[in-house]
Amino acid sequence: METVSSHTHESSSSKRKVIAVVGGGLVGSLNACFFAKRGFDVAVFESREDIRQAKVVRGRSINLALSHRGRQALKHVGMEDTIISKGIPMHARMIHNTNGKRSPIPYGKKGQYILSVDRANLNKELLAAADTFPNTTLNFNHKLHDWSPKTGAMTFIGPDGQRKELQADLIVGCDGAFSAVRKQFLRQSRFNYSQTYIPHGYMELTMPPIDGDFAMEPNYLHIWPRNTFMMIALPNLDRTFTCTLFMPFEDFEKIRSGDEVIRFFQKYFPDSIPLIGVEALKQDFFRLPAQAMVSVKCSPYHLFDKCVLMGDAAHAVVPFYGQGMNAGFEDCLVMDEIMDQLNENIAAVLQEYTRVRVPDDHAIADLAMYNYVEMRAHVNSKYFLFRKYLDNILHVIMPKTIVPLYTMVTFTRTRYHEAVNRWHWQDKVITQGLWLSGVVSAAGGMYVLVRNSHKLPSISAEHLWTRILTSKRF
Ligand code: FAD
Ligand code: EGU
């Protein structure tokens with residue numbers, strides 16, 4: 001059996017630990033940089049071809065919202081500037097109502113914004129960055145088939161379909177929501193696992209430029225909130241927007257013809273029709289079937305000192321907080337911080353990583369699912385505007401006490417589980433504040449009533465009862 005060795009350096013010095021990163025997606029390629037920077041020998045195995053050479057890149061979602069947590073992780077490997085230079089700042093949401101009216105709601109103070117980044121470009125840049133380390137190899141067209149928790153041996157299906165057995169000191173599973181690395185965890189005792197498909201699917205539609213310019217205001221995350229249906233649009237560097245339509249699968253199935261698509265959009269997203277284009281809409285809608293969304297939670301994240309799951313492989317979240325990639329990038333940063341704390345003692349590091357990270361990843365998975373339920377239950381454009389205004393106003397009045405949940409999640413590195421605890425606490429304060437102001441105004445009203453009681457016509461209690469009981473309400 002071969003041992004993964006990343007380069008042909010003098011054999012004597014190769015006491016260095018070998019780390020196999022399975023999956024060269026967003027988290028895998030960033031993780032490779034982190035481990036390489038520490039001086040480990042890193043080998044990345046990716047089932048697809050090298051997307052830097054690929055002509056067509058097909059994958060999930062074309063662009064993503066990058067926020068603070070993701071940026072902090074990129075910064076640690078010196079990639080922040082490269083990535084943000086190709087991102088488009090979104091300073092606010094733009095809420096579209098059914099009449100085509102648009103209302104902006106800022107994300108925060110000036111200078112607080114999220115970025116729309118191109119997934120394919122991000123992945124290419126991160127692979128290129130990993131490739132610059134002499135102690136890293138990138139192996140494309142290598143699909144992990146299985147691995148042995150006993151020996152740590154991995155079996156890959158190589159470029160020409162042949163099997164390959166390889167060995168590493170540590171396997172880092174970054175192979176996404178349907179992780180092959182995770183399969184061996186499922187066979188262990190005391191491994192917790194849950195997976196939930198939501199009834200909604202998503203479909204991406206492109207909104208082309210008009211006269212060479214963005215069809216809508218570029219520096220916004222555009223949202224069409226319609227309870228069960230929702231559309232979101234993020235800007236791209238080529239001046240297009242990628243619109244993502246979220247809708248229950250059963251409703252997708254009801255739309256069978258181009259005319260039905262137009263009728264549906266006429267009812268819910270009328271202002272977007274001329275922007276996407278009638279003919280384009282009729283065709284693009286049927287190009288690809290709606291895609292499924294899954295939420296995955298599990299624990300622990302490590303298996304002995306042999307293997308650890310990170311990114312979507314450990315926690316796929318529904319996209320209703322824009323945090324999947326950000327959380328995965330923060331995973332890499334947290335792992336790096338623990339590597340420092342525990343002097344790269346792998347067994348201890350993995351144990352600590354699970355202890356620290358599981359509560360946070362579970363918290364963001366729950367939050368994203370909660371927001372999905374909330375949005376479909378009663379979030380139309382009016383309610384969305386009202387809630388965000390209220391949040392922002394309370395924050396302005398009491399900046400230290402009330403911090404909106406999305407602010408803690410999006411613009412800070414407050415641990416996800418702490419953000420949730422703080423949110424519950426704030427909710428109590430707000431509810432009690434409302435109660436208190438209710439009690440105060442009721443008492444005030446009573447006081448005014450009693451002070452002026454001599455001016456009221458006298459009426460007996462008995463008479464009052466009769467009037468109440470005979471009123472139409474009963
Ligand atoms: P992936 O990106 O899935 O990468 C896994 C890699 O592993 C792939 O390259 C795959 O080819 C490879 N692989 C799989 N199996 C094997 C195998 N057996 N052997 C070898 N290689 C293998 N997140 C945000 O932060 N912001 C957003 O705005 C946002 N929007 C989203 C919108 C939608 C519609 C969706 C679906 C998700 C969104 N996300 C967002 C989440 C984000 O896409 C994921 O969290 C992120 O891609 C996870 O990265 P990953 O590297 O863990 O997994
Ligand atoms: C969904 C799909 C608005 C990209 C959650 C906000 C998303 C993104 C929100 C997708 C929403 C929803 C937040 C950000 C972001 C909001 C957020 C969702 C990016 C609570 C490419 N969500 N998303 N919340 O506050 O914190 O603007 O596909 F519609 S960015 Cl669902 Cl901040």
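What net charge do the residues around residue 226 carry, taking every other residue with its C-beta under 13 Å from that of residue 226, with Lys and Arg at +1 and Asp and Glu at -1? Residues close to residue 226 contribute a combined charge of +1.
Across segment 314-370, the relative contact order, built from alpha-carbon pairs under 8 Å that are at least six residues apart, equals 53 percent. Multiplying the residue separation of residue 348 and residue 292 by 0.36 nm and removing their Cα-Cα distance gives an extension gain of 16.5 nm. The packing ranking, built from the mean of other Cβ atoms within 10 Å per residue, places the peptides 299-312, 177-190 in the order 299-312, 177-190, highest first. Each Lys or Arg adds one and each Asp or Glu subtracts one; over the other residues with Cβ under 14 Å from the Cβ of residue 141, this totals +1.
Each Cα pair under 8 Å and six or more residues apart adds its sequence gap; the mean of these over the residue count of segment 23-162 is a relative contact order of 34 percent. Shape call for segment 74-225 from the C-alpha gyration tensor, a ≥ b ≥ c root eigenvalues: rounded (a/c under 1.5), prolate (a/b greater than b/c) or oblate? It is prolate, given that a/c is not under 1.5 and a/b is the larger ratio. Of the trypsin sites (Lys or Arg not before Pro) found in segment 246-299, the ones in coil according to DSSP and having at most 12 other Cβ atoms within 10 Å of their Cβ are 256, 287.
At a threshold of 8 angstrom on Cα-Cα distance, excluding pairs fewer than six apart, so keeping six or more, what relative contact order does segment 22-95 reach in percent? Relative contact order of segment 22-95: 25 percent.
Rounded, prolate or oblate: which one fits segment 237-347, using the alpha carbon gyration tensor with axes a ≥ b ≥ c (rounded when a/c is under 1.5, else prolate when a/b beats b/c, else oblate)? Here segment 237-347 falls in the prolate category. Around residue 21, with a cut-off of 12 angstrom between Cβ atoms, what is the net charge of the other residues, counting Lys and Arg +1 and Asp and Glu -1? Summing Lys/Arg as +1 and Asp/Glu as -1 gives -3.
Ranked by the mean number of other Cβ atoms within 10 Å of their residues, highest first, the peptides 366-372, 107-113 come out as 366-372, 107-113.
Here's the list of lysines a cross-link from residue 110 could span, going by alpha-carbon distance under 26 Å and ignoring same-chain residues fewer than 8 apart: 75, 86, 101, 382, 388, 400. Where only DSSP H runs of four or more residues are counted, the chain gives -12500 deg cm²/dmol as its mean residue ellipticity at 222 nm, each run worth -39500 (n - 2.57). What longest range of the chain stays clear of loop-exposed GluC sites (Glu not before Pro) (DSSP non-H/G/I/E/B, at most 16 other C-beta within 10 angstrom)? Maximal segment without exposed cleavage sites: 50-343. Computed over the chain, the P(r) curve from all C-alpha pair distances, binned at 10 Å from the origin, holds 4, 17, 26, 22, 15, 8, 4, 3, 1, 0, 0 percent per bin. Packing, as the average of other Cβ atoms within 10 Å across residues, places the peptides 391-398, 92-99 in the order 92-99, 391-398, highest first.
Counting only aspartates and glutamates at least 8 places from residue 282 when in the same chain, those with an alpha carbon closer than 18 Å to its own are 204, 251, 253, 259, 260, 271. According to the square roots a ≥ b ≥ c of the eigenvalues of the Cα gyration tensor, what is the shape class of segment 117-206, taking rounded for a/c under 1.5, prolate for a/b larger than b/c otherwise, and oblate for the remainder? Oblate is the answer for segment 117-206, as a/c is 1.5 or above yet b/c matches or exceeds a/b.
Each reported figure results from applying straightforward, stated rules to the coordinates on display, with no laboratory input. Model, not experiment: these values are computed from the prediction. No Cβ is skipped: glycine too gets one built from the backbone with ideal geometry, and neighbour counts run over all protein chains shown.
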